[in-house]
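Take a look at the structure set out below.
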Amino acid sequence: MKSYRKELFFEVPTRRAFINITDECEQALRESGVREGLMLVNAMHITASVFINDDESGLHHDYEVWLEKLAPHEPVGQYRHNGYEDNADAHMKRQVMGREVVVAITDGRLDFGTWERIFYGEFDGRRRKRVLVKIIGE
Ligand code: ZN
């Protein structure tokens, strides 16, 4: 069985952002040489997510509005976690949007549904962060 590991790096200039990382994941798949197997993609931080959904800007705006209703950033004093930090909302947003995705690899390609794409969700940006891509198979 082949095994391949790669880290992707992100330094988002804003506090929050959604980034389509499908191309980077497909590049990692080509580098791995795996034709049949599984790809795991996970955020290596507890204030960022990796998820699969539609690459549609209206939807990304809707996520932003929805997540701010669920866990508003302000006022930061409403959260017990805040004090030394101000990112309690980012921990909660990450919990809702998820840590990782697993995608089947079939015939050398990511075996997506029609509109599925992989996204990095940043909820506490403005610093360098990592995403792990792990590929196993034949
Ligand atoms: Zn924190």
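The values are calculated or read from the model by the stated rules, or taken from the named source; none is laboratory data. What you see is a predicted model; the values in this text were computed from it and never measured. Glycine gets a Cβ as well: all are built from the backbone with ideal geometry, and neighbour counts include every protein chain shown.
Take the conditions modelled with pLDDT of 95 or more, assigned to a strand (DSSP E or B) and closer than 17 Å to GLY137 by Cβ and apply them to VAL50. Does it pass? When the stated conditions are applied, VAL50 does not pass them. You will find that of LEU29, LEU59, the residue that is surrounded by 18 or more Cβ atoms within 10 Å (Cβ to Cβ) and not polar (S, T, N, Q) is LEU29 and no other. Restricting attention to segment 80-104 and to residues that are farther than 30 Å from ALA28 by Cα and either β-branched (Val, Ile, Thr) or crowded, with 18+ Cβ neighbours inside 10 Å (or both), the residue that is farthest from the ligand (Cβ to nearest atom) turns out to be ASP89.
Hey, does segment 70-77 have a residue that's over 15 Å from LYS6 (Cβ atoms), more than 15 Å from the ligand (Cβ to nearest atom) and not in a loop (DSSP other than H, G, I, E, B)? Walk me through how you get there before you give the answer.
So in segment 70-77, the residues over 15 Å from LYS6 (Cβ atoms) come out as 70-77.
Next, from what is left, pick out any that are more than 15 Å from the ligand (Cβ to nearest atom): 70, 72, 74-75.
Restricting the remaining residues to those that are not in a loop (DSSP other than H, G, I, E, B) gives 70.
Yes, some residue in segment 70-77 is over 15 Å from LYS6 (Cβ atoms), more than 15 Å from the ligand (Cβ to nearest atom) and not in a loop (DSSP other than H, G, I, E, B).
Could you list, in sequence order, all residues of segment 2-42 that are of a type outside the set (Lys, Arg) and either free of Cβ contacts under 8 Å to residues at least 60 places away in the same chain or in a helix (DSSP H, G or I) (or both)? If the condition is that a residue be of a type outside the set (Lys, Arg) and either free of Cβ contacts under 8 Å to residues at least 60 places away in the same chain or in a helix (DSSP H, G or I) (or both), then THR22, ASP23, GLU24, CYS25, GLU26, GLN27, ALA28, LEU29, GLU31, SER32, GLY33 are the ones that fit.
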